[in-house]
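Only one structure is covered here, and it is reproduced in the block below.
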Amino acid sequence: MTIDQFNQQAKVVLNQFAADLTGGQIDQTRYFGKKGLFTQLAKQIQQLPSEKRGQAGKLLNQIKRDLTKNIAATAPLNQATQQSIDFSLPGNKPKVGHLHPITQAINQISRIFERIGFIRVRYPEVDWDWYVFESLNMPPNHPARDEWETFFIDRPDTTGNVAYDPKQLTKRHPKMIDGGKLVLTTHTSNGQVREMERLGKPPIRMINIARCYRRQQDATHTQMFHQFEGLVIDKGITIQHLKGTLDYFAKEFYGPKAKSRIRPFHFRFTEPSFEVDFSCHICHGTGFVNGQKCKLCKSGWHEVGGAGMVHPNVLKAGGIDPDQYTGFAFGWGVERTYTLREGLNIDDIRHFYNNKVKFLEQF
Ligand code: DAH
């Protein structure tokens, strides 16, 4: 064999390789396998006259480098194409998320009340003492305030801000000295007088759902939680309207068998005042499941929150004439309302706010 013949054969191998490269199908063994094109070319070297072998060897080395480089460059591409055309492979199901359970509950509660004409509102979560306590018939230093373990916060400069400037507040409420302190809202009742001010006059049908804050932290309490607050003010509003609304909510949220009950209680901002119970979602108010005491309630009922007829002093604080108008209000926690429906005996309410997906994805 002459060196020219050898070069000729090398060219054939390179041409073949170039063709394979454009076709995108490079099979390593086709070149480097036992009977591969390159392997065979390399064997030819022995048939050359010995003084030509060095030259041929150089050429072989160069070809080898070229082939290896190109094969390496196309390998990942080949793998990817092969995978993407295997239609028999099961797909990778993307994980589907959902809203946080408490957000779901808030949405459901809003919708239930919106269906009977309530309007969902939001008010500040950092609010004046005036709205959180004083306008609700709890003057400064009144012992009733102790029930709410309150976070007080430092005052920012709010001059000129209509909603927050204490001077503006004092103009509207001459009895109020300077708005008092700023607090993190301990309950959603701060929305009551704010809503009266927003609308100016009845009719009012408000549902205020917001975060609340209290200085408490144990297994059944978190420093942040949610409440919803209903307020209805109009001519001729009575306890019957309150009871009807509570029953309606019970059935819509807990199912057609659910009932509500009110028991006398005391709040400064309502007169008369009640505590509100709902029949247990698991034993339907009987206290028993298959002859055994119900594990969720023990008595057939769950106490959920407070309610009552709006106190005349609260109406006055909101600029509404208590001789012309009456109203009812209610308020309680979203978390508890929700866990009762799910029949959950959650040992630690803080699970809701740890952001552990393993817990949250169950709902
Ligand atoms: N704000 C009260 C609380 O956080 C609950 C409450 C009681 C709200 C009676 C009301 C009401 O609107 O009328 O404990």
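Yes or no: segment 333-349 includes at least one residue that is in a strand (DSSP E or B), assigned by TED's automatic domain parsing to the domain that holds VAL132 and under 17 Å from SER260 (Cα atoms). Outline the logic, then answer.
Going through segment 333-349, the residues in a strand (DSSP E or B) turn out to be 333.
Narrowing further to those that are assigned by TED's automatic domain parsing to the domain that holds VAL132: 333.
With under 17 Å from SER260 (Cα atoms) added as a condition, the list becomes 333.
Yes: segment 333-349 contains one or more residues that are in a strand (DSSP E or B), assigned by TED's automatic domain parsing to the domain that holds VAL132 and under 17 Å from SER260 (Cα atoms).
Among the residues of segment 82-94, are any farther than 30 Å from GLY244 by Cα, within 24 Å of the chain's Cα centre (by Cα) and not assigned by TED's automatic domain parsing to the domain that holds HIS226? Before the answer, list the steps.
Initially, segment 82-94 is screened for residues farther than 30 Å from GLY244 by Cα, giving 82-94.
Filter again for within 24 Å of the chain's Cα centre (by Cα), leaving 93-94.
Right, trim to not assigned by TED's automatic domain parsing to the domain that holds HIS226 and you get 93-94.
Taking every residue of segment 82-94 in turn, at least one turns out to be farther than 30 Å from GLY244 by Cα, within 24 Å of the chain's Cα centre (by Cα) and not assigned by TED's automatic domain parsing to the domain that holds HIS226.
Name the pairs whose Cβ atoms lie under 8 Å apart, with the first residue in segment 76-100 and within 30 Å of PHE359 (Cα to Cα), the second at pLDDT 75 or above and part of a loop (DSSP other than H, G, I, E, B), and 6 or more positions between them or separate chains?
HIS98/GLU361; HIS98/PHE363
Could you tell me how many of the residues in segment 30-60 are within 21 Å of ASN15 (Cβ to Cβ) and either surrounded by fewer than 11 Cβ atoms within 10 Å (Cβ to Cβ) or of a type in the set (Asp, Glu) (or both)?
3
Among the residues of segment 227-274, what is the count of those that are touching a Pro at 6+ places or on another chain (Cβ under 8 Å) and assigned to a helix (DSSP H, G or I)?
Residues meeting the conditions: 1.
Search segment 216-243 for residues being among the charged types (D, E, K, R) and under 17 Å from TRP332 (Cα atoms), and hand back the single one that is surrounded by the fewest Cβ atoms within 10 Å (Cβ to Cβ).
Taking segment 216-243 first, the residues among the charged types (D, E, K, R) are 218, 229, 234-235, 243.
With the extra rule that they be under 17 Å from TRP332 (Cα atoms), the set shrinks to 229, 243.
Working: GLU229: 24, LYS243: 17.
Per the criteria, the residue is LYS243.
Checking the structure you have, find out if any residue of segment 203-215 is modelled with pLDDT of 95 or more, more than 13 Å from the ligand (Cβ to nearest atom), within 14 Å of PHE330 (Cα to Cα) and not hydrophobic (A, V, I, L, M, F, W, C).
Yes, segment 203-215 contains at least one residue that is modelled with pLDDT of 95 or more, more than 13 Å from the ligand (Cβ to nearest atom), within 14 Å of PHE330 (Cα to Cα) and not hydrophobic (A, V, I, L, M, F, W, C).
Filter segment 220-250 for residues that are away from the ligand (no atom under 13 Å from the Cβ), over 25 Å from the mean Cα position of the chain (by Cα) and within 24 Å of CYS280 (Cβ to Cβ) and give the result.
Result: LYS243, GLY244, ASP247, TYR248.
From ALA317, ALA329, grab the single residue that is within 16 Å of the ligand (Cβ to nearest atom), buried (at least 17 other Cβ atoms within 10 Å of the Cβ), under 28 Å from the mean Cα position of the chain (by Cα) and among the small types (Gly, Ala, Ser).
Values: ALA317 fails: under 28 Å from the mean Cα position of the chain (by Cα).
Sole residue among the options that is within 16 Å of the ligand (Cβ to nearest atom), buried (at least 17 other Cβ atoms within 10 Å of the Cβ), under 28 Å from the mean Cα position of the chain (by Cα) and among the small types (Gly, Ala, Ser): ALA329.
The values are calculated or read from the model by the stated rules, or taken from the named source; none is laboratory data. Owing to the predicted nature of the structure, the values given are computational and were not obtained by experimental measurement. Note that each Cβ is placed from the backbone with ideal geometry, even for glycine, and that neighbours are counted across all protein chains shown.
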